[in-house]
Amino acid sequence: MSELDTTAPILTIDGPSGSGKGSISKRVAEKLGWCYLDSGALYRALGIAAIHRQVDITDENALAVLIERINLEFKRNTAGDWGVYLDGEEVQGQLQTEDVGRVASKIAIFPLVRRGLLAKQQGFQKQPGLVADGRDMGSVVFPNANYKVYLTASAEERGKRRYKQLIEKEINANLRNVIEDIEQRDERDKSRLASPLMVPEGALYIDSSSSSIKEVVQEVLDLLNNA
Ligand code: DC
């Protein structure tokens, strides 16, 4: 495993829930052969730890203590896929549920939680480069990133994408509720005082409402090629 290298180039991709950041970031990282940081997965894994250990998710200090006690790792599983491990147990399969997303969004408002996860995220800067996906990658975690993107889409479109994913996974869902949940999460992510979701200075703004994943990936790669 390569080591932290603060000279390695960074591409940040920020944006709201369901904007396609995850799919785009992973594909871009693959094309470039760069490392990938899914910062939302860290908040989600912390949420799972809080649920498992019955830590009060409204208690900022208790959550800060929890961060010190847990061991979070990104590593390959036996099938060769990247997974998130919490205290040695793979929790990848639990990360994407609506409940975990809601808990992650609630605990992410706390400055002590954000501070606790900061160094962990910055530790992903490795050669030959890093694609960092989140809400505050270009604004707080990597403000000096070489390339910055802000990716969004309308709440309606993001809700439809999320709904489709849930139905494909045979998870019961109601489109109206999914859109409302996305709108509430947006509101929480944008209005919080600690590192609110924002368009970082100098970021390329991409609205993917009517674009395919392939088109957006190309737009991001063009940003690097034309720099
Ligand atoms: O990207 P995601 O949906 O997996 O993120 C889950 C929650 O974590 C999201 O509602 C807000 C929080 N989050 C954050 O506050 N900052 C980040 N860099 C990434 C995620």
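On a 1.4 Å probe surface of the protein chains, which of ARG115, ARG188, ARG135 comes out largest in accessible area, and what is the full order? Present the calculation step by step, with values, prior to reporting the outcome.
Working: ARG115 155, ARG188 65, ARG135 45 Å².
Descending accessible area places them as ARG115, ARG188, ARG135.
Adding -39500 (n - 2.57) for every DSSP H run of four residues or longer, then dividing by how many residues the chain holds, sets the calculated 222 nm ellipticity at -14500 deg cm²/dmol. Sort segment 1-96 into rounded, prolate or oblate with this rule: let a ≥ b ≥ c be the square roots of the eigenvalues of the Cα gyration tensor; rounded if a/c is under 1.5, and if a/c is not under 1.5, prolate when a/b is larger than b/c, oblate otherwise. Cα axes put segment 1-96 in the prolate bin. When the chain is treated as a Gaussian network with alpha carbon springs shorter than 10 Å, the biggest mean-square fluctuation among VAL55, VAL28, VAL199 belongs to VAL55. The largest-to-smallest principal axis extents of the Cα set in segment 172-227 are 40, 32, 15 Å. Going 7 Å from the Cα of ASP222 in the Cα-to-Cβ direction, what parts of segment 21-36 have a backbone nitrogen less than 14 Å from that spot? Nothing falls inside the zone, counting backbone N under 14 Å. Its residues counted as N, the chain yields a C-alpha radius of gyration over 2.2 N^0.38 Å of 0.97.
Comparing ILE109, ILE67, ILE167 in a Gaussian network model of the chain, where Cα atoms under 10 Å apart are tied by springs, the biggest mean-square fluctuation is seen for ILE167.
Kindly flag which residue pairs out of LYS106/LYS126; LYS31/LYS120; LYS126/LYS190; LYS75/LYS126 have an alpha-carbon separation exceeding 19 Å in this structure.
Working: LYS106/LYS126 30 Å; LYS31/LYS120 24 Å; LYS126/LYS190 29 Å; LYS75/LYS126 15 Å.
Table pairs above 19 Å Cα-Cα are LYS106/LYS126; LYS31/LYS120; LYS126/LYS190.
Give me D for segment 105-227 in µm² s⁻¹, whole number, from Stokes-Einstein with Rh from the Kirkwood sum over alpha-carbon pairs, 20 °C and 1.002 mPa s. The Stokes-Einstein estimate is 131 µm²/s. A simple spin-label model places the labels of GLN54 and SER210 5.3 nm from each other, with each point 7 Å out along Cα-to-Cβ. The value of relative contact order for the chain, using C-alpha pairs under 8 Å at least six residues apart, is 33 percent.
The values are calculated or read from the model by the stated rules, or taken from the named source; none is laboratory data. Please read these numbers as outputs of a predicted model, since none were measured by experiment. Quick reminder, even Gly has a Cβ in these numbers, built from the backbone with ideal geometry, and neighbours come from all protein chains shown. Heads up: the accessible areas ignore ligands, DNA and RNA and are worked out on the full protein's heavy atoms, side chains in. Shrake-Rupley method; radii C 1.70, N 1.55, O 1.52, S 1.80 Å.
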